[in-house]
1. With +1 on the Cβ of every Lys and Arg and -1 on the Cβ of every Asp and Glu, and nothing else charged, how large is the dipole of segment 102-272 about its Cα centre, in debye rounded to the nearest 20?
2. Find the Cα radius of gyration of segment 102-272, compare it with 2.2 N^0.38 Å by division, and give the number to two decimals.
3. Would you mind checking which residues have amide H under 5 Å from Phe29's amide H? H placed 1.01 Å from N; only 5 or more apart, or other chain.
4. Calculate for the chain the 222 nm mean residue ellipticity that helices alone would give, adding -39,500 (n - 2.57) per DSSP H run of length 4 or more and normalising by residue count, nearest 500 deg cm²/dmol.
5. When DSSP beta bridges are limited to those with both residues in the chain, what percentage is antiparallel, rounded to the nearest 5?
6. Cross-link partners among lysines for Lys72, C-alpha distance below 26 Å, same-chain residues fewer than 8 apart left out?
7. Identify, among Phe209, Ala144, Ala383, the residue whose Cα sits farthest towards the positive end of the charge dipole of the chain, taking +1 on the Cβ of Lys and Arg and -1 on the Cβ of Asp and Glu, with the dipole about the Cα centre.
8. Select from Leu53, Leu223, Leu285 the residue whose mean-square fluctuation is largest in a Gaussian network model of the chain (Cα-Cα springs shorter than 10 Å).
Amino acid sequence: MNHFDYRGGILCAEDVPLPEIARAVGTPFYCYSTATLERHYRVFEAAMPPGTLVAYAVKANGNLSVIKTLAKLGAGADIVSVGELQRVMAGGVPPSKIVFSGVGKKRAEIAAALDAGIFQFNVESEPELDVINEIALAKGQRAAVALRINPDVDARTHAKISTGKAENKFGIGWSRAQAAYAYAAKLPGLDVAGVAVHIGSQITELEPFRQTFSKVADLVRILRAAGHKISRVDLGGGLGVPYKTGMAPPDPSSYGELVRAAVDGLDVQLTVEPGRLITANAGVLIAEVIYVKQGDEKAFVILDAGMNDLIRPAMYEAWHDIVPVRQPAQGVQRRVYDVVGPVCESADLFARDRELPALSAGDLVAILSTGAYGAVQASGYNARPLAPEILVRGRQFAVTRPRESVEETIARERWPEWLA
């Protein structure tokens, strides 16, 4: 569910007509709905067992206002860098609710997280155990860790967002799990508290989760039998969202039932890490049609948004529904277009052979479900300034990240002395 719908023939974000925002900030821009963010978080939290730490996966959308909106609801945070650590703390997430994941934590990042007093590190290799142990001992601390285990389960999702197969870089191999825990238990700077797992993103069926959670529960029992005091389980995230009209991924209640069954009787502090599920359908990217171009074989709608603003279609062949901001009249002519941007790459394509109402230069369109992995993956390619981000609440809207000017991007750079 989201809060973007037509009112009086105009697409609105909650109670704000999107053309009103376009007039104020120009295009392209990202727009997020507070009501959608809040609803998605509450529905997901309610589906989890009582006491679950819902650690929002900040990599999905690191906008400070999004983080603060979720923090006010009680969300924790799953982070993968010291930059995200600083962001979530600035956004009001208590360190006691922060989980530090990621395969390449640097020493300075580990030290900063220890100084902050985070909930736990999700450790992805034996060398990382050694480094955390060394830094914790130097600080006179014991670092709470969960070992992220790679269960070798196919998440049945896109290869670039699958993280739980043996061929992936993530986690400690299943065959080495027990040995890794035995090794970690000998390191005096570590409190080996839990088991962690995450098998991928945009997972649209429950069976991969069922296989994974069953293996995790079995591992907890094996480790406890070997004398390890396992008190925490982190099941990661990955539940998919409906990007395309008609898609029906499992809902949070069905996922929650599976989670409850998996941890039943384990008596553990549970952590889950939703990201996309919270933010994807809470955001849209608004763009203006620059030209409609007729080629020899195809018609092209050329937008002022490009792959630098939204890279998911180019990187993941991702589908996003695209709709005109002005509601088309009943029976309006429809045409088949390739919807593209102005970037000098053939990969700068939002939709191929997409049937849409006939469009003209100056029309506004909304690329839907772009609240996750949209603005956060944007770049300044082709010297294109980053698009602004807007947060709507009821009839109000606020610019939460302004559009940079080209002059501002140039001012960040420096001449070397020999070119002065």
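What follows is calculated from the coordinates using simple rules that are stated; it is not laboratory data. All values derive from a computational prediction rather than experimental measurement. When we count neighbours, we look across all protein chains shown, and the Cβ atoms used for this are built from the backbone with ideal geometry, even at glycine.
1. 200 debye
2. 1.06
3. For Phe29, whose amide H was placed from the backbone, the distant partners under 5 Å are Ile286.
4. -8000 deg cm²/dmol, from helical runs alone.
5. If we restrict to bridges inside the chain, about 50 percent are antiparallel.
6. Counting by Cα, and skipping residues close in sequence, Lys72 has these lysines nearby: Lys59, Lys97.
7. Of the listed residues, the answer is Ala144.
8. Leu223
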